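The values are calculated or read from the model by the stated rules, or taken from the named source; none is laboratory data. Small disclaimer: the values here were computed from a predicted structure and weren't measured. Cβ coordinates were reconstructed from backbone atoms using ideal geometry, including for glycine residues, and neighbour counts include every protein chain displayed. The accessibility values were calculated without ligands, DNA or RNA, using every heavy atom of the protein model including side chains. Shrake-Rupley method; radii C 1.70, N 1.55, O 1.52, S 1.80 Å.
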Amino acid sequence: MINVIKRTAQNAGRTALHFLMGCVLVAGLATTASAQERTAISGTTVSLAPLKGFVPSSKFAGLEHAEAKASVLVVELPAEAHPQLSALFANLETAKTNFAKQNITIDDAEDIETAAGKGRILTGQQALGAATFDKWIVLLKGAKTVMITVQAPEDSDLDSDDIVAMLKSVSLGAEPTLDQKLAALPFRVRATEPFRVVDTFGGLGVLMTSGPLNVDPKGSQPMLIVSYQTGGQVAAGQLAAVGEKLLSTTRGFEKAEITKRDKIAFAGSSDGSLLSGTTVGDSGRKRFAQYMGVGADGRFVRMIVSADEATFPNLEPAIKAIADSIAFAQ
């Protein structure tokens, strides 16, 4: 499924989508069936009537019940992503094959009528460590392609009918402004010239570039992405190793040569990690830098920037200023 999303959402940036869909939410859901008043999901087009106990999350675009490890995650992708995703959701066997690559077992698929129109819902389970979670994943079409994932520990008192009823309450409005989307991110970041913000992704990441193009499939312009990891926890001492692994699985950086490893202050932590070096892309050899920092809850924020070798030195003051502006949202 990740590869399908990347191919059909190039206008949002291939690497940005890789970061976004690589973030696997580890959360649960346990609550009563009664619904609250309609709640707008900040930074998205989505509104819904949540089950009792859910509140807006400061960690991702959606809702959570911290005590019960409960979550409703909203991911919005470009409208161009919908046709191929719709084909994936419509075919149960195809869905089973693709989601199995993410260790998700899909059991069933059905159409539902929502306040936003017709949707398609997949149900299944995912094993995460010693725990197993029930999952409901719904696909909707509006100004954006919308995927909403609800997760619940399999031993919770959750009633599937209640979850489906909550998802049927979803309505889709106008796309929020860029400022509203930036404010909804689980971290704060400030662009510094010559970098400018192109867009945010699913309430989890932001893409910046320098140059006239917003759509840059050949990677000819400098690129800077900041993303928030919603799944798993990383100890500060593991950052460098985790960073190297992430880098090796990121499009365009699979064969990156790391020439320097530093411990730095980043995102409010004195134990941040900075990896720097070179990589070869469609437009030639580039320099890159990857920053990572851990928050109080063990989750982390990652910033990666790349530019032509000749251009990179002139961008370093702006890169440092952007890195210094990053902090976890309170």
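Quick notes on this structure:
- Qualifying residue in the stretch 238-245 (condition: within 24 Å of Ala318 (Cβ to Cβ) and surrounded by 18 or more Cβ atoms within 10 Å (Cβ to Cβ)): yes
- Check on Val198, over 14 Å from Ser47 (Cα atoms), modelled with pLDDT of 85 or more, of a type outside the set (Ser, Thr, Tyr) and open to solvent by less than 40 Å² (accessible area, probe 1.4 Å): yes
- Pair list, Cβ < 8 Å and 6+ apart or interchain, from the stretch 303-330 residues that are over 13 Å from Gln290 (Cα atoms) to residues that are hydrophobic (A, V, I, L, M, F, W, C) and open to solvent by 20 Å² or more (accessible area, probe 1.4 Å): Ser325/Val189; Ile326/Val189; Phe328/Ala296
- For Ala30, the conditions (1) modelled with pLDDT of 60 or more; (2) in contact with a Gly (Cβ under 9 Å, 6 or more places away or on another chain) are fulfilled apart from (1).
- Val189, sole failed condition from (1) surrounded by 14 or more Cβ atoms within 10 Å (Cβ to Cβ); (2) farther than 24 Å from Phe312 by Cβ: (2)
- Lone unmet requirement of (1) over 19 Å from the mean Cα position of the chain (by Cα); (2) of a type in the set (Lys, Arg); (3) closer than 19 Å to Tyr228 by Cα for Arg299: (1)
- Residues that are part of a loop (DSSP other than H, G, I, E, B), buried (at least 17 other Cβ atoms within 10 Å of the Cβ) and not acidic (Asp, Glu) within the stretch 201-224 comprise Gly202, Gly203, Leu204, Ser210, Gly219, Gln221, Pro222, listed in sequence order.
- Here Ser269 clears all of (1) open to solvent by less than 30 Å² (accessible area, probe 1.4 Å); (2) under 21 Å from Pro317 (Cβ atoms) except the condition numbered (2).
- Meets criteria (more than 19 Å from the chain's Cα centre (by Cα) and either farther than 28 Å from Pro217 by Cβ or small (Gly, Ala, Ser) (or both)) for Ala240: yes
- Any hit, the stretch 60-79, residues being among the acidic types (Asp, Glu) and touching a helix residue (DSSP H, G or I) at 6+ places or on another chain (Cβ under 6 Å): no
- Restricting attention to the stretch 147-170, the residues being open to solvent by 30 Å² or more (accessible area, probe 1.4 Å), within 16 Å of Thr39 (Cα to Cα) and touching a Ser or Thr at 6+ places or on another chain (Cβ under 9 Å) number 1.
- Among the conditions (1) open to solvent by 60 Å² or more (accessible area, probe 1.4 Å); (2) modelled with pLDDT of 95 or more; (3) out of contact with any strand residue (DSSP E or B) (no Cβ under 7 Å at 6 or more places or on another chain), the only one that Ala318 does not satisfy is (1).
- In a residue-by-residue description of the stretch 155-178, the property of being within 30 Å of Ile319 (Cα to Cα), in contact (Cβ under 8 Å) with a residue 12 or more places away in the chain and not acidic (Asp, Glu) applies to at least one position.
- Top-ranked residue of the stretch 246-266 - restricted to ones that are open to solvent by less than 50 Å² (accessible area, probe 1.4 Å) and closer than 20 Å to Asp308 by Cβ, ranked as nearest to the chain's Cα centre (by Cα): Thr250
- Pro176 passes every criterion in (1) buried (at least 23 other Cβ atoms within 10 Å of the Cβ); (2) modelled with pLDDT under 95 apart from (1).
- Scanning the stretch 250-295 for residues that are polar (S, T, N, Q) and out of contact with any helix residue (DSSP H, G or I) (no Cβ under 8 Å at 6 or more places or on another chain) yields Thr259, Ser270, Ser276, Thr278, Thr279, Ser283.
- Applying a threshold of 6 Å to beta carbon distances and a minimum spacing of six or more residues, or different chains, the list of pairs starting in the stretch 260-276 at a residue that is modelled with pLDDT under 95 and ending at one that is assigned to a loop (DSSP other than H, G, I, E, B) reads Ala267/Ile326.
- Extreme residue, most open to solvent (accessible area, probe 1.4 Å), among residues of the stretch 134-146 that are touching a Pro at 6+ places or on another chain (Cβ under 9 Å) and part of a strand (DSSP E or B): Asp134
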